[in-house]
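Read the structure below first, then the notes.
The values are calculated or read from the model by the stated rules, or taken from the named source; none is laboratory data. Quick caveat, the model's predicted, so the values are computed rather than measured. All Cβ positions, even for glycine, are placed from backbone atoms using ideal geometry, and neighbour counts span all protein chains on display.
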Amino acid sequence: MEKILFLVGPHASGKTYSTNLYLKNHENVDMIDTGPIMRSLHKKYAPEISMKEWVEFLENRYGKEITSEIIAKEIGDRLFKSDAENHVVIGFRSFEGIMYTIRRLKISNYSVLYLDCSRELLYENYLARTHKDIDFVSFNALLDNEYELGLGSLRNLVDYEVIDYFYKTSNEDSISEKMDDYFSKKTNIVLNTNYIWPVEPTYKLLEHDMYGIRPVHMILNRPRFHAGFDIITKTMTPVKCSMDGIVVSAGLDEKIVSGSAKWNQRYGNKVEVLDASGKRLVYAHLREVLVDVGQEVKQNQIIGLSGCSGGSRIPHLHFEVRKHNTCHSGRENTINPLEIMPERDLLALNKHFDEEPYDKVWEMFLETPWGLSDDNIPYANDKKLIR
């Protein structure tokens, strides 16, 4: 196997048609469509329910990665049995699914091409393929929903040149030259998928630091999902970019700026980076922000200095990994950062935090992780210390 091209885009953009035209003149290239893979498995294991219900059942019971694992395994089996040197893989709905397959199968040479076209052409192709009686307004609503379900985040990566792009103005437009460029002329660049710690963990782990449900939130004093991993660190510690990307947000939390949240709540000063794999990385509670929106940043580059701003009572970096380019947090949109970080024996850390006056509060949370509130923190409303 030499190269794999992942061809993505809206359903009616003609991915299968364009690929089949190309394959007629190229015997050393094969196509794998993930759509029929899932449909055949659905028919085999759960034909009594709809495809959508079956996928939802898998995700609810086993987690969302189960569908990625199924597809990666099937693609791996087909690649192993194939005599072709190169492959086009179509049918993916998200860049995360592509990256999971790349990591799972240890694919070393790949590219991603987004095939797009006008809404009028998508509508024309949709009617020809489905023979459904649907007007253009209703079709646009369907298409908008499709973008919300994953293709929107893929399309955003085009703007940052993370993936390549081809726009069809008619069905006669050929992507043969584009595909030739991938398979014949160009050595593809392999994206770096090895993240680094933005701040190296040093201090003993608090229960509050972990990703997941907090029985009692430090500030809100009620159960709350914690969408990141907290790295306790002294103020003014350099915060490094975990992965190459584009800065999409930099500065004080928008809700604090607008006045809908207090100055000592939420993320405080933060930097958000859309990385090369399509994830949005959030670095929060900073003292200082050292980058600007739109700036390209490289792995290991210092993007800010740690602090205790916003909803922070002990200096730390809140590091959050969102699955795609979204401004929304929470369980559905994030993954545990420890899943992508280099492994560390966090439970073996035993150093106590000693920066005054935060050290006494840190010891309090070590002893009583869920029973404290702002009433127990003497500097909770001190702008000199919460910043």
Quick check on the range 48-59. Is at least one of its residues modelled with pLDDT under 90, closer than 30 Å to ARG331 by Cβ and of a type in the set (Ser, Thr, Tyr)? yes
When (1) touching a residue at least 40 places away in the same chain (Cβ under 8 Å); (2) assigned to a helix (DSSP H, G or I); (3) farther than 24 Å from SER174 by Cα; (4) of a type outside the set (D, E, K, R) are applied to TYR22, the one that fails is (3)
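Which is part of a helix (DSSP H, G or I) and in contact with a Phe, Trp or Tyr (Cβ under 7 Å, 6 or more places away or on another chain), of TYR100, TYR114, TYR123?
Of the residues listed, the single one that is part of a helix (DSSP H, G or I) and in contact with a Phe, Trp or Tyr (Cβ under 7 Å, 6 or more places away or on another chain) is TYR123.
Taking the stated definitions as given, is LEU317 among the aliphatic types (A, V, I, L, M), touching a residue at least 40 places away in the same chain (Cβ under 8 Å), within 15 Å of VAL199 (Cα to Cα) and in contact with an Asp or Glu (Cβ under 6 Å, 6 or more places away or on another chain)?
On the way: among the aliphatic types (A, V, I, L, M): yes; touching a residue at least 40 places away in the same chain (Cβ under 8 Å): yes; within 15 Å of VAL199 (Cα to Cα): yes; in contact with an Asp or Glu (Cβ under 6 Å, 6 or more places away or on another chain): no.
No, not satisfied.
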Selection status of PHE92, buried (at least 20 other Cβ atoms within 10 Å of the Cβ) and assigned to a loop (DSSP other than H, G, I, E, B): yes
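Looking at the range 284-299, is at least one residue under 13 Å from GLU320 (Cα atoms), modelled with pLDDT of 90 or more and surrounded by 21 or more Cβ atoms within 10 Å (Cβ to Cβ)?
Step one: list which residues in the range 284-299 are under 13 Å from GLU320 (Cα atoms), which gives 284-285.
With modelled with pLDDT of 90 or more added as a condition, the list becomes 284-285.
Next, only the ones that are surrounded by 21 or more Cβ atoms within 10 Å (Cβ to Cβ) stay: 284-285.
Yes, the range 284-299 contains a residue that is under 13 Å from GLU320 (Cα atoms), modelled with pLDDT of 90 or more and surrounded by 21 or more Cβ atoms within 10 Å (Cβ to Cβ).
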Do we have VAL190 as modelled with pLDDT under 95, of a type in the set (Val, Ile, Thr) and not assigned by TED's automatic domain parsing to the domain that holds ASN350 here? yes
So, of the residues in the range 95-122 that are crowded, with 18+ Cβ neighbours inside 10 Å and polar (S, T, N, Q), which turns out to be nearest to SER174 (Cα to Cα)? SER111
Quick check on my filter: what residues within the range 346-369 are part of a loop (DSSP other than H, G, I, E, B) and either in contact (Cβ under 8 Å) with a residue 24 or more places away in the chain or under 17 Å from ALA380 (Cβ atoms) (or both)? LEU349, ASN350, HIS352, PHE353, GLU355, GLU356, PRO357, THR368, PRO369
Just one of the numbered conditions (1) surrounded by 17 or more Cβ atoms within 10 Å (Cβ to Cβ); (2) of a type in the set (A, V, I, L, M); (3) free of Cβ contacts under 8 Å to residues at least 60 places away in the same chain is not true of ALA128; which one? (1)
So, GLU74, is that one out of contact with any helix residue (DSSP H, G or I) (no Cβ under 6 Å at 6 or more places or on another chain), touching a residue at least 12 places away in the same chain (Cβ under 8 Å) and under 29 Å from THR193 (Cβ atoms) or not? no
Would you point out which residue out of ASP133, ASP83 is touching a helix residue (DSSP H, G or I) at 6+ places or on another chain (Cβ under 9 Å) and at pLDDT 85 or above? ASP133
The range 1-12, residues that are surrounded by fewer than 22 Cβ atoms within 10 Å (Cβ to Cβ) and either basic (Lys, Arg) or under 11 Å from PHE166 (Cβ atoms) (or both): LYS3
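Would you mind stating whether GLU355 is in contact with a Leu (Cβ under 7 Å, 6 or more places away or on another chain), surrounded by 13 or more Cβ atoms within 10 Å (Cβ to Cβ), acidic (Asp, Glu) and assigned by TED's automatic domain parsing to the domain that holds THR235? Steps first, please.
Details: in contact with a Leu (Cβ under 7 Å, 6 or more places away or on another chain): no; surrounded by 13 or more Cβ atoms within 10 Å (Cβ to Cβ): yes; acidic (Asp, Glu): yes; assigned by TED's automatic domain parsing to the domain that holds THR235: yes.
No.
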Any idea which of SER260, SER242 is in the same structural domain as SER312 (by TED's automatic domain parsing), crowded, with 24+ Cβ neighbours inside 10 Å and assigned to a loop (DSSP other than H, G, I, E, B)? SER242
Can you name the residue in the range 265-276 that is part of a loop (DSSP other than H, G, I, E, B) and in contact with a strand residue (DSSP E or B) (Cβ under 9 Å, 6 or more places away or on another chain) and is also nearest to ARG322 (Cα to Cα) among such residues? ALA276
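Only one of PHE139, PHE57 is over 25 Å from LYS168 (Cβ atoms), hydrophobic (A, V, I, L, M, F, W, C) and either touching a Leu at 6+ places or on another chain (Cβ under 9 Å) or in a helix (DSSP H, G or I) (or both); which? Break it down stepwise before answering.
On the way: PHE139 fails: over 25 Å from LYS168 (Cβ atoms).
The conditions single out PHE57.
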